[in-house]
Amino acid sequence: MEETTPVKRLKNSLTKQNLWLYILSTLRRKKVYAYGLGAEMEKRFGWKHGLITTYVVLYKLEAEGLIASEYKERRKYYAITAKGRKALREAKEYLKRLAASL
């Protein structure tokens, strides 16, 4: 069954435009390096995004203190911080309330 245009717009806004939610959720489970993050997210959530976009969002999340990075064997690994866990929890609660009210 083909999706309607409004549903396509909804999926876009809930995925690509809110990539930070998916990144924090993925990092909640384990540390991941940027290049491997795309494959991990595709496996968990079923959609792909651009690598450059990933780096932009990672830099923003790190600047906001939601994630932290460390180098291991020439790769920069990212992990969620306590502040990031709080932000993710708040976002999930908001989405649950929103879905319940629809």
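The values are calculated or read from the model by the stated rules, or taken from the named source; none is laboratory data. These numbers come from a predicted model, not from an experiment. Please note: Cβ atoms are built from the backbone with ideal geometry, for glycine as well, and neighbour counts cover all protein chains shown.
Quick notes on this one:
- Only one of K76, K8 that is of a type outside the set (G, A, S), under 20 Å from L95 (Cα atoms) and either without any contact (Cβ under 8 Å) to a residue 60 or more places away in the chain or touching a strand residue (DSSP E or B) at 6+ places or on another chain (Cβ under 7 Å) (or both): K8
- In segment 40-55, the residues that are acidic (D, E) and more than 12 Å from the chain's Cα centre (by Cα): none
- Among the candidates L10, L19, L58, L37, residue that is under 11 Å from the mean Cα position of the chain (by Cα), within 25 Å of L98 (Cβ to Cβ) and of a type in the set (A, V, I, L, M): L19
- Scan of segment 52-98 for residues that are in a helix (DSSP H, G or I), surrounded by 13 or more Cβ atoms within 10 Å (Cβ to Cβ) and among the β-branched types (V, I, T), ordered by number: T54, V57
- The criterion of being surrounded by fewer than 12 Cβ atoms within 10 Å (Cβ to Cβ) and at pLDDT 95 or above holds for S101.
- K30 meets all of the listed conditions (1) basic (K, R); (2) modelled with pLDDT under 90; (3) surrounded by fewer than 14 Cβ atoms within 10 Å (Cβ to Cβ) but one, namely (2).
- Hits in segment 38-72 - residues which are farther than 16 Å from K83 by Cβ, in contact with a strand residue (DSSP E or B) (Cβ under 9 Å, 6 or more places away or on another chain) and either modelled with pLDDT of 90 or more or of a type in the set (K, R) (or both): E70, Y71, K72
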